[in-house]
Amino acid sequence: MSHGTENLGLSVELTGGLLHDWQRRNRQATIPHAITELRKAGNLENLRRLADPSVGPYRGRYPFLDTDLYKTLEGLAYEVDRDGAVDGAPAGAREFFDEVVELLEQAQADDGYLNSYFQDPEQPKQPWSDLGWGHELYNLGHLIQAAVAAQRRLSDGRLLTIARRFADLVVDKYGEHGEEVVDGHPEVEMALVELYRETGDEDYLTQARLFVDRRGRGKLKHTIFPGEYFQDHVPFRELPSVTGHAVRMAYLAAGAADVHLETGDPTLLAALERLWDDMVATKLYLTGGLGSRHSDEAIGDRYELPSERAYAETCAAIATMQWAWRMFRATGKASYLDVYETVLYNAYAVGLSADGTAFFYDNPLQRRPDHEQRSGMEDGGELLRRAWFGCPCCPPNIIRWMSELQDHVALHRDNTLYVGIYADARITAGELTVKVATNYPWDGEITLTVEHAPAEERAIALRIPRWAAGADLTAPAAAGVAEAGEVGEERIAAVEGWAVVRRTFAAGDVLRLTLPMAPRAHGSHPYLDATRGAIAVARGPLVYCVEQQDAAVPVDDLLLTPAAVTKAIARQQDDHVVLELTAGVAPAPPPELYPVLPPVLPPVLPPVLPPVLTEQTPGSAIDEVPVTFVPYFLWGNRQALAMRVWLRTERDDR
């Protein structure tokens, strides 16, 4: 896909539906809650004490706590003056925004350096002395992103002035003629490219490219964990697979994708496509979660995807979406948005409670009956989501991404409007304005009505998700095309995930897309030991799970077949859709942990199980019970009981 004149004149406003409701919750609950928690945690005092040490010692154990303010400010830049928000700006948001900006102006050093941890007068470490763990460039990255958002959304350049002073210091210190270093936590690469886009200063783009190119060349001192943890053991283009700390990996890849988008470097794109394909094929959870290890928050080996020990950090979900969106921009391929959508509605959405004031840090796909949920590096804690964390990187990240959902709905390029994520929205692309009406993801009916159109030909491209076999799109018939279906309409076939309607549109033209939403059963690759032979349930973009509250027998004893899934009934419950089906009940298991099996030959299995199971002979069960499956992103909002995404398919009493 040629980049052309990308997104010129593009404006997207969410007007209703689930994503709109999420943003309203963000304004009404999550942002006010976060402001309270940030004040309580001492983030503002850490800045304030640089001028007045009498306020007390540095609060917190990490050198990157300023980023929690920056991520929140980025979200606030969207919310304090959102046009059309009937519920208004979040309570106390504007005051908080101004207070933090003023503190940052006062705290910034004469040379542009800004980090409340390393500037602390009682901190024995000096700035730039621990690039592996100091996160100073990671801090800068989030500052830049908040600054660019404030400039674009509020026309408020105060943060941009602060960010550019810090960025200019980095360019002088670590640029083409400076010390060849990288940061232990990638993130600044994305931000520097965005700063280049905002200012036109090519030094920022050059610096981002340098940071990508230097990684893996011995420029970072590795402590605690080896180079693989930092994606610093081999050059980026030579990485054999996504590896190491999950958030770092996806942030680095997203930054490299940004560099490619601006430089056209084909070697970067080739590496990114290879790494992405390997990740999706071998290292991504069904929910889109990334990262299977708690010890180092790492991705793990190929097919190492345990359900109950899934780390799948919420920040990694956001990082994966950032990478996916950039890959879509670079290639135009719908498959990247398929993954983006899976992450959005599952691995990302599950990180926030239904009321918007409690969070998951890690996001498992199974909760055992005797498990005490603990998050991050801390001991103890509540059984399920927590109000805040000692390392609270995820909550402010949720806030900023929630505020920016409309930025990842559509793309306008070369007179084509690509609609990739479906929601009630009004989209303007140059002289073309369309209104999208849908109850997606709860049903698959999507209507686009043209409200204004130019006299020239334009194209509208609608994404057909991979799971939507049998999707149907009707559009106003083009001149000279025989009518099919309703009078004056024709059906449009999808090609490589896109159904493209190219016409001279007129106000009142209607495009109707129907995506089949039948429940489906998913299996897993035979190398994936943790879920081999098990079944998971999905409908549309949503993965479903069963909580103990909705089953009359222990969820560990439920047996499921593809046939049972195809007979599931979708039912509206409150503001979401649940699935009701009948599951078998396994007999009591043997008491031995490792019983001896009879000497019978194992069945011959196909070499690879298809990703979506078809009809098969159900396993025998001694009983059947009704079970209600709920969307995975809604689990954990009731009493802390057992939960499963993957269910057994046969009796284990052989």
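The values are calculated or read from the model by the stated rules, or taken from the named source; none is laboratory data. None of these values were measured; they are calculated from a predicted model. Cβ sites come from the backbone with ideal geometry, for glycine too, and all protein chains shown count toward neighbours.
A few remarks follow.
- Filtered residues of segment 168-182 (kept if in a loop (DSSP other than H, G, I, E, B) and either closer than 11 Å to VAL259 by Cβ or among the hydrophobic types (A, V, I, L, M, F, W, C) (or both)): VAL181, VAL182
- Count of residues meeting criterion [farther than 25 Å from TYR361 by Cβ and surrounded by fewer than 19 Cβ atoms within 10 Å (Cβ to Cβ)] in segment 228-282: 19
- Every condition in (1) modelled with pLDDT under 95; (2) surrounded by 24 or more Cβ atoms within 10 Å (Cβ to Cβ); (3) of a type outside the set (Lys, Arg) is met by PRO53 except one, and the failing one is (2).
- Flag for TYR113 being under 29 Å from the mean Cα position of the chain (by Cα), assigned by TED's automatic domain parsing to the domain that holds GLY16 and surrounded by 15 or more Cβ atoms within 10 Å (Cβ to Cβ): no
- Subset tally (residues that are part of a helix (DSSP H, G or I) and more than 17 Å from ASN637 (Cβ to Cβ)) for segment 319-369: 24
- Where ARG274 falls short, out of the listed (1) over 24 Å from PRO127 (Cα atoms); (2) of a type in the set (Lys, Arg); (3) over 23 Å from the mean Cα position of the chain (by Cα): (3)
- Taking segment 468-477 as the range and being modelled with pLDDT under 85 and either surrounded by fewer than 13 Cβ atoms within 10 Å (Cβ to Cβ) or in contact with a Leu (Cβ under 9 Å, 6 or more places away or on another chain) (or both) as the test, no residue passes.
- Flag if GLY264 is under 19 Å from ALA347 (Cβ atoms) and modelled with pLDDT of 95 or more: no
This table checks each residue for (1) touching a residue at least 24 places away in the same chain (Cβ under 8 Å); (2) assigned to a strand (DSSP E or B); (3) crowded, with 18+ Cβ neighbours inside 10 Å.
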| site | (1), (2), (3) |
| --- | --- |
| PRO396 | yes, no, yes |
| ARG400 | yes, no, yes |
| GLN406 | yes, no, yes |
| LEU417 | yes, yes, yes |
| ALA425 | yes, yes, yes |
| THR428 | yes, yes, yes |
| ASP443 | yes, no, no |
| VAL450 | yes, yes, yes |
| ALA455 | yes, no, no |
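- Taken as a whole, the structure places ASP130 among residues that are closer than 20 Å to GLY60 by Cα and part of a loop (DSSP other than H, G, I, E, B).
- Some residue of segment 329-345 being under 14 Å from the mean Cα position of the chain (by Cα) and among the acidic types (Asp, Glu): yes
- Pair list, Cβ < 6 Å and 6+ apart or interchain, from segment 569-583 residues that are assigned by TED's automatic domain parsing to the domain that holds THR628 to residues that are of a type in the set (Phe, Trp, Tyr) and part of a strand (DSSP E or B): LEU579/TYR544; LEU579/PHE629
Here's the yes/no breakdown for (1) in contact with a strand residue (DSSP E or B) (Cβ under 8 Å, 6 or more places away or on another chain); (2) under 27 Å from SER403 (Cβ atoms); (3) modelled with pLDDT of 95 or more:
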{"position": "THR331", "(1), (2), (3)": "no, yes, yes"}
{"position": "TYR336", "(1), (2), (3)": "no, yes, yes"}
{"position": "GLU341", "(1), (2), (3)": "no, yes, yes"}
{"position": "LEU344", "(1), (2), (3)": "no, yes, yes"}
{"position": "ALA347", "(1), (2), (3)": "yes, yes, yes"}
{"position": "LEU352", "(1), (2), (3)": "yes, yes, yes"}
{"position": "ASP355", "(1), (2), (3)": "no, yes, yes"}
{"position": "ARG368", "(1), (2), (3)": "no, no, no"}
{"position": "HIS371", "(1), (2), (3)": "no, no, no"}
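- Here GLY157, GLY200 are screened, and the one residue that is surrounded by fewer than 17 Cβ atoms within 10 Å (Cβ to Cβ), of a type outside the set (D, E, K, R), on the phi < 0 side of the Ramachandran plot and free of Cβ contacts under 8 Å to residues at least 12 places away in the same chain is GLY157.
- Filtering segment 29-50 to residues that are among the β-branched types (Val, Ile, Thr) and either at pLDDT below 95 or surrounded by 20 or more Cβ atoms within 10 Å (Cβ to Cβ) (or both) leaves THR30, ILE31, ILE35.
- Flag for GLY584 being over 34 Å from the mean Cα position of the chain (by Cα), within 15 Å of ALA534 (Cβ to Cβ) and either modelled with pLDDT of 90 or more or not small (Gly, Ala, Ser) (or both): yes
- Near pairs, Cβ below 6 angstrom, 6+ apart or cross-chain, from segment 326-339 (without any contact (Cβ under 8 Å) to a residue 40 or more places away in the chain and over 16 Å from VAL500 (Cβ atoms)) to any residue that is in a helix (DSSP H, G or I) and among the charged types (D, E, K, R): none
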